[in-house]
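Down below is the structure, laid out as structure tokens.
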Amino acid sequence: MKRHFLTILLVLTATFAANAQVDVPDSLSVPFEISPEKLVSRADSLHRACRFLEARDLYEKVISESADSVLKLSLEDRRLCSENGVVMSGFVYEPTVVAKHVFSLDEFFLYYPMEDRSWVPVPNVLDSLGDNIVRATYIPSDEDVLYFSKKGRTGVRNIFSTTRENGLWTLPALINEGITTTSDDIFPTLSADGTKLYFASSGLYGVGGYDIYVSTWNEARKDWGEPVNLGFPFSSPADDFLYMDTPDGKYTIFASNRECAKDSVCVYVLEFDNVPVRKEILDEERLSEILSLRPSEDQTRIDNGSSVSNDIPENDDTRRYMDKMNEVKALKDSVNLFSAALDSQRQAFASSDDDDERARLTESILNGEMQLPMLRKALDKATAELQKIEMDFLFKGVIIDPDKLAAKADRKVVAQSAAYTFTRMNPGSAPKMEFEKPISRFDYSFKVLPEGQYAEDQTLPGGVVYQIHFITLPTAATKRQLKGLSPVYETVNSNGNHFYTVGLFTRYADALDNLNTVKGVGFRSASIVAFRDGKSCSLTEAKANETADEFWQVIVNTGSDTLPSDVSAAIRGYCSKDISKRYSDGIVLYVVSSFNRKEEAEELAAVIRAVGIDSVSVSRIED
């Protein structure tokens, strides 16, 4: 049998590429003349085949021998993913697979048992861009808290939330530091009881691509906890996303492109397990088999009553007709998608020069070409049975409306196992959402803008402050006369002259660094002036007291690696000071600094304590 299979394999390989030889490595004993690029390609193939230990070792080999620093940095990420795969292989869950079906990326989410007309195509009010995978946003009409993914200022897609309060939605805000990553985070969903937040990320601990994570709500801290990778088989070396447990507690559903052609995704339906048992799987082929998630052959274990539309006529004849119509439509979809997947694999085979990848594709193409005729035979049989039912209708004098029944059937897809029916929901339209107006905080840092700005608060802070005097006028200056400077302070002396200064500098050196900038915009006679506790003083006096000034900081210990969102909001609502993360004896501390007056720091500490954080202290910043 093995010899017969090898013969077919070699014949097919020769068909695709003349004289090509397939060499699937079983070890790392590779010739030294193989280029680093081919070694990397081989390691990538091993990783996709769940041979993580071999992939890791091969990545390490290239890293140790390569002089290309850029390549080594890239490979270190891949090596880490393979290392993670080795670790995650020790905790594998083997579920009962109810069904699987391939859908287009444009509408796979519509086949989830979620609120009808709740998936709104992008662009929409919450996500103005979308991307290759994210084609819609889930916006249920009856929820007062929404979680969604969109691109932030850095161009990375992160998870935001907004809350409806008194008819207005709060401004979208990031969840917290633990969930916000430097890579893309997509498709957040809440559990039915609202205590678990599921999402996919390409920036957390995982095995490559998008993995699926869960964060649990911490009621004591009023914040989401550290995200945890759901592990195999929910996560894989491919892209995995949009996880949910059905509200009735029967099924777990998620999507993955691990077995799909481009622009397609496979939706998997698993039997819900409240306490999944995980075990170590060291056999790579067995692990790969588990990740393929083939539907269970024992259909007697599967309850088909959940998440299936009841919108089927009670008449037995029409029900039988619609069931068969569903089956025909599903088989047609499967044949078309299967053919497209084979075409894609053939193209990938023709363009690949990696032996391992070509061998993998050859085996996949062979399997596909054996399954495709069976699918077509099943389609022909189902079509004939459908036609027989139609003839029975005619014989019995039963009148049916094919268009109406077809419209109902279009919403249903029978899964590959024929034990589950996916019902297509309708897409939603962009909802009307009114957001609260943002509270703009004036930026007191020195800068040159297209138009000059006066400081919102004209009061000088306590301690030593330097400013740059740039002009004195007999009348008030126009915005144009400020020449883009900000923040500008205006003082009218006893003679009625208007005295204009810019900036707030606590060090003479900082003021001196910016003096030439002010002169450069046209104020050649600009000079540095000094104040102490809001009163004018000489530069000599200011410099003498500059080192004597004290600066203060607020130190916050939240007891975790993340700064809770309510604490962050409280700090930002009080001031615009910098927040830094520090470690002291293994403890994570958040430091807000710096304050010119101890009283200001104490006020912020009181605000933080008011939101439930007791471990807050104020200390002087040492030189």
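The values are calculated or read from the model by the stated rules, or taken from the named source; none is laboratory data. As the structure is a computational prediction, the values presented were derived from the model and not from experiment. Here Cβ is always computed from backbone atoms with ideal geometry, including for glycine, and neighbour counts include all displayed protein chains. Please note that ligands, DNA and RNA were not included when accessible areas were found on the heavy atoms of the full protein model with its side chains. Shrake-Rupley method; radii C 1.70, N 1.55, O 1.52, S 1.80 Å.
Please give the Cα centre distance for the stretch 490-531 versus the stretch 327-393, rounded to the nearest Å. Here the answer is 76 Å between Cα centres. In this rough spin-label picture, where each label sits 7 Å from Cα along the Cβ direction, the D106-A569 distance is 3.9 nm. Counting only protein heavy atoms and using a 1.4 Å probe, the accessible area of T252 comes to about 10 Å².
Here L331 sits with roughly 30 square angstrom of accessible surface, probe radius 1.4 Å. The modelled label-to-label distance for the pair L71/E219, using points 7 Å beyond Cα in the direction of Cβ, is 5.6 nm. Checking every one of the GluC sites (Glu not before Pro) in the stretch 33-91 against DSSP loop status and a limit of 12 other Cβ atoms within 10 Å picks out E33. With a cut-off of 15 Å on the backbone N, the residues of the stretch 104-123 near the modelled label site 7 Å out from S429 along Cα-Cβ are 117-121. Once the Cβ-Cβ distance of E436 and A476 is raised to the sixth power relative to R0 = 41 Å, the FRET efficiency obtained is 0.75. Full extension of the chain segment joining M370 with S183 gains 63.3 nm, where the gain is 0.36 nm per residue of separation less the Cα-Cα distance. Each label was represented as a point 7 Å from its Cα along the Cα-to-Cβ direction; for T154 and R117 these points are 3.9 nm apart.
With a ≥ b ≥ c the root eigenvalues of the C-alpha gyration tensor of the stretch 533-623, is it rounded (a/c under 1.5), prolate (a/b larger than b/c) or oblate? Here the stretch 533-623 falls in the prolate category.
Checking the Cα-Cα distances for K447/K581; K519/K543; K38/K377; K61/K100; K38/K581; K61/K196 against a 30 Å cut-off, the pairs over it are K38/K377; K61/K100; K38/K581; K61/K196. With every protein chain in place and a 1.4 angstrom probe, the accessible-area ranking of I468, I528, largest first, reads I528, I468.
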